[in-house]
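What follows draws every value from the coordinates through simple rules; no lab data is involved. Note that the coordinates shown come from a computational prediction; the quantities given were computed from them, not determined experimentally. Note that each Cβ is placed from the backbone with ideal geometry, even for glycine, and that neighbours are counted across all protein chains shown.
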Amino acid sequence: MPDLYHALLQRDLGYLRIVAGMWGVELESQDADSAAEELAAAMLNRELAQEMMESLPAEAFAALQTLAASDGKIEWSAFARRFGEIREMGAGRRDRERPHLTPISPAEILFYRGFLLKAFFDSEKGAREFAYLPEDLRKLLPAESAQEKTAEPLGRPATPLEKAFEIPASDRILDDATTLLAALRMGTPPLPPDPALTALLTTAGILKKGVPQAEKVKTFLEAPRAAALDALVEAWKSSETFDELRLIPSLICEGEWKNQPQAARRFLLNLVNAIPKNKWWSVPAFVRAVKEKYPDFQRPAGDYDSWFIKRATDGQYLHGFAYWDQVDGALIKRFIQTLHWLGLADLAAPEAEREAAAFRVAPAKVEPSALNEKIAIGSDGKIVMSRFFSRAARYQISRFCEWEESKTDEYQYRVTARSLARAQEQGLQAGQLLALLVKHAKSAVPPALAKALKQWEARGAEAQIKNLLVLRVARPEILDELRKSKAGKFLGELLSPTAVVVKRGAEAKTLTALAEMGLFAEIEL
């Protein structure tokens with residue numbers, strides 16, 4: 001790709017003078033080659049270049065940023081679809097009509113300021129015309145995001161119907177993360193685990209290849225809720241691996257193609273930041289406006305053919321711009337859902353159980369950590385705690401327990417012999433659980449539970465309840481004869497002179513042996 005000097009060498013002297021005038025540069029050269037060298041030197045002055053870039057209208061700056069983010073070049077048809085055309089005219093007409101003073105598109109604004117040039121380059125599809133930004137000029141681009149300059153938000157406010165049923169944001173993601181981490185630590189992850197939550201905890205460094213990282217987990221669980229939520233939000237914003245597109249349930253992404261989730265996320269965040277805070281905004285209108293104004297927001301090269309994405313319901317491949325709503329539009333909706341998931345936006349729908357039709361950006365919804373709250377403990381081993389209770393303590397206690405069905409803002413657990421045995425296999429001792437319960441109980445730990453935990457630690461389980469298959473006979477001699485026969489190997493523990501345990505899977509063979517003894521038996525279920 002040509003540098004700025006060689007790119008300007010391809011233009012006539014009249015064009016170079018227009019660009020120089022837009023930059024406030026007076027050209028002394030009278031021939032095109034010398035003028036190109038003189039103009040290139042002026043344009044590559046960092047201070048002047050950044051001043052010119054920052055003075056661009058918002059849409060033109062967005063086009064420049066998009067071009068820069070695509071390694072400096074985008075196929076012209078895709079660029080023009082998004083940022084408009086450049087009127088074709090010869091030097092005479094151009095000098096008469098002076099189009100640089102009344103540009104018709106962001107593309108034309110950039111063209112007459114020398115930031116956008118056109119040329120044919122080789123591609124996988126053969127020689128194609130591209131819009132490009134010379135590399136030496138691209139390096140001078142300021143870090144400011146294009147959409148931070150946007151004056152008008154995209155879309156419109158939500159209608160009363162769109163916002164009829166409100167779905168407030170919350171910080172429940174913190175509690176779900178605590179639950180997932182405890183389950184993974186116990187070796188009993190939920191089926192199926194939430195792929196988005198797993199991906200987020202991974203990008204935050206809390207998980208590594210599905211395994212909780214002890215120090216990171218400790219820091220996350222002990223942090224106040226506001227700090228913990230902020231850590232997840234920042235990890236999401238900066239992540240190059242958390243890919244909203246591949247987390248959309250209705251889509252299946254195949255192949256080795258790569259997208260740029262962080263760039264798309266940053267672009268959408270800037271659009272959302274332009275929306276008035278605490279104002280309900282229409283989701284459908286926002287999606288339509290992005291499609292009209294920035295359709296290639298996640299496809300800098302305007303490529304709608306090389307991404308292998310199919311619809312999950314029927315396996316239909318979604319190639320081409322015709323499927324924009326089902327892929328790119330779906331990503332925008334997923335992005336808004338993610339804002340809600342992270343506590344950054346409320347949602348609303350026409351009615352319950354309907355797709356969200358409105359959203360409202362607001363400060364993160366964070367509940368204070370209830371560090372002084374205590375848990376309820378029953379003598380039967382049942383433990384009940386609020387979701388606002390210490391996440392670190394819940395993480396620890398839950399690893400000793402069976403998990404019962406949770407309520408909206410409440411978690412329920414039960415201590416059992418099986419749960420204590422499982423905890424023991426992980427190196428946890430019943431005495432540790434007793435110490436946690438003593439520390440966090442609303443009142444004294446029930447004596448019966450405290451006694452049971454101490455005895456478990458000393459001797460393990462001292463009672464068992466088993467589900468057995470029992471054979472009962474009318475007379476002891478029948479049982480004696482059966483035990484001495486070849487069917488004796490199917491029998492287990494003798495329970496009484498007329499009752500014995502039948503081994504699992506041996507019911508039919510036992511019935512056959514009895515029949516051979518001249519006895520008919522039946523199985524009661």
Proximal charge balance of Val19 [Cβ under 14 Å; K/R count +1, D/E count -1]: -1
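What does the extension gain come out to for Val501 and Arg354, with contour length at 0.36 nm per residue minus their alpha carbon separation?
47.4 nm
Does region 469-516 classify as rounded, prolate or oblate by the C-alpha gyration tensor (a ≥ b ≥ c root eigenvalues; a/c under 1.5 gives rounded; else a/b over b/c gives prolate, otherwise oblate)?
Since a/c reaches 1.5 but b/c is at least a/b, the shape of region 469-516 is classed as oblate.
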Pairwise FRET efficiency - Met89 versus Glu54, Cβ, R0 = 25 Å, nearest 0.05: 0.30
Placed amide H near Gly492: partners under 5 Å, 5+ positions off or other chain: Val501, Val502, Lys503
Shape category assigned to the chain from the gyration tensor of Cα positions, a/c cut at 1.5: prolate
Separation in nanometres of the label points that stand 7 Å from Cα toward Cβ, at Ala515 and Asp176: 5.6
Calculated FRET efficiency for the pair Val438/Thr416, C-beta based, R₀ 25 Å, to 0.05: 0.80
Helical mean residue ellipticity (222 nm; -39500 (n - 2.57) per DSSP H run of 4+; nearest 500) of the chain: -12000 deg cm²/dmol
Gained length - Asp33 relative to Lys209, 0.36 nm times residue gap less alpha-carbon distance: 57.6 nm
Count of Lys pairs (Cα-Cα under 20 Å; at least 8 positions apart or interchain) in region 376-459: 9
Global form of region 4-149, assessed from the alpha-carbon gyration tensor, a/c cut-off 1.5: rounded
